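Structure record follows, encoded as structure tokens.
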Amino acid sequence: MSSPQQVGVIGAGQMGTGIAQVFAQSGFSVFLVDAKPVQLAQAEAGIRASARRLHEKAKIDAAAYERVQTQIRYETQLSSLQACDWIIEAIVEQEAAKGQLFRDLDSIVQPEAIFATNTSSIPITRLASYTQRRDRFIGMHFMNPVPIMKLVEVIAGLETSDSTLQRTLATVALLQKEAACSKDYPGFIVNRILMPMINEAFCALQEGLGTAQDIDKGMKLGTNQPMGPLELADFIGLDTCLSIMNVLFHGMGDPRYRPSPLLRQYVDAGRLGRKTKRGVYEY
């Protein structure tokens, strides 16, 4: 079973940069694409700094560190991905944007290439419907921060071939990560469980059950979580949390997944978490 040789990662945000880094560390040639040159410059600086920290802590060896410096190309055009045999999409968590991207890629990238999406909630079968390669379309949901977290959720769509699934599982192993396979339902495994907890924390905050600090302290010290749910929401991005809850709510048709009004209000106010320096907390 062949492994990919040239990997294209689309989206130079927090997830895309992490995905590009781990592929380069593992020996793959990587093309990181983003339409914004400023975003690419930030991504390159962030990747180099992340790899340096990992090397200094002996988490990666000198060869892996060197590969990060030399095996990632930073590009602004999708046309640079023509020869790639594996594509990973890591753009905004909106179906319309992802769907249009995959339509565009279908006519650019070689027909044999596998398309993967890093979506954290949108059904894979639905995203695959935007392409002409539904048998070569799969979900690879990396966890944040990608260079540190070991898990990759792997989600096969209704028409994903067994060959594509097996190649994906083998590729996850080459990245020295662990795969958890999920059926193709909204939210998959992790966010199907995690996001309702975060949403309930916002409901508790709205009702005055406790302060944000006490809600987070209760969950950290009472259930041994490294971050409380509100702190974690700020880290993920409140807009991303809201998008996932909307997918769960509309996809499952169950009122228990209705997004918290307070979560909606924070997003409406532009309080998105760490990336805007203000969410539940200020940074």
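Quick note: the coordinates plus some simple rules give every number you see, no bench work behind them. If you're wondering where the values come from, they're calculated on a predicted model, not measured in any experiment. Don't worry about glycine lacking a Cβ; one is built from the backbone with ideal geometry, like all the others, and counts go over all protein chains shown.
Where the only charges are on Cβ atoms (+1 Lys, Arg; -1 Asp, Glu), what is the dipole of the chain about its Cα centre, to the nearest 20 debye? Kindly include the intermediate steps, with their values, before the conclusion.
Details: 29 positive and 29 negative charges, 82 e Å.
Taking the Cα centre of the chain as origin, the dipole is about 400 debye.
Multiplying the residue separation of Met252 and Ser129 by 0.36 nm and removing their Cα-Cα distance gives an extension gain of 42.3 nm. Computed over segment 192-274, the P(r) tail beyond 21 angstrom holds 23 percent of alpha carbon pairs.
Within segment 203-283, report the GluC sites (Glu not before Pro) that DSSP leaves as loop and that have at most 13 other Cβ atoms within 10 Å. Kindly include the intermediate steps, with their values, before the conclusion.
Numbers: sites: Glu207, Glu231, Glu282; in loops: Glu207.
Here the sparse-neighbourhood loop sites are Glu207.
Residue exposure proxy: Leu221, Leu205, ordered by other Cβ atoms within 10 angstrom of their Cβ from fewest to most, comes out as Leu221, Leu205. For segment 71-112, the equivalent ellipsoid built from the Cα gyration tensor has semi-axes of 18, 13, 9 Å, listed from largest to smallest. Fewest neighbouring Cβ atoms within 10 Å first, the residues Asp268, Asp214, Asp85 line up as Asp268, Asp214, Asp85. Computed over every Cα-Cα pair of segment 139-188 and binned at 10 Å starting from 0, the pair-distance distribution P(r) comes out as 27, 54, 19, 0 percent. At full extension, Gln42 and Leu169 could sit 42.7 nm farther apart than now, given 0.36 nm per residue minus the alpha carbon distance. On the basis of the beta-carbon distance and an R0 of 41 Å, Arg264 and Ala58 show a calculated FRET efficiency of 0.40. Between Glu112 and Asn144, the simple label model (points 7 Å from Cα in the Cβ direction) yields a spacing of 3.6 nm. Just so you know, the averaged projected area of the alpha carbon convex hull for the chain sits at 14.7 nm². Here is the link list: Lys98/Lys183; Lys150/Lys220; Lys150/Lys217; Lys177/Lys217; Lys57/Lys150; Lys36/Lys59. Which ones come out longer than 28 Å on Cα distance? Too far apart for the 28 Å limit: Lys177/Lys217; Lys36/Lys59.
If you take every residue apart from Pro37 with its C-beta less than 15 Å away from the C-beta of Pro37, what net charge results, scoring Lys and Arg +1 and Asp and Glu -1? Can you show the working numbers first?
Details: positive: Lys36, Arg73; negative: Asp34, Glu44, Glu75.
Once positives and negatives cancel, what remains is -1.
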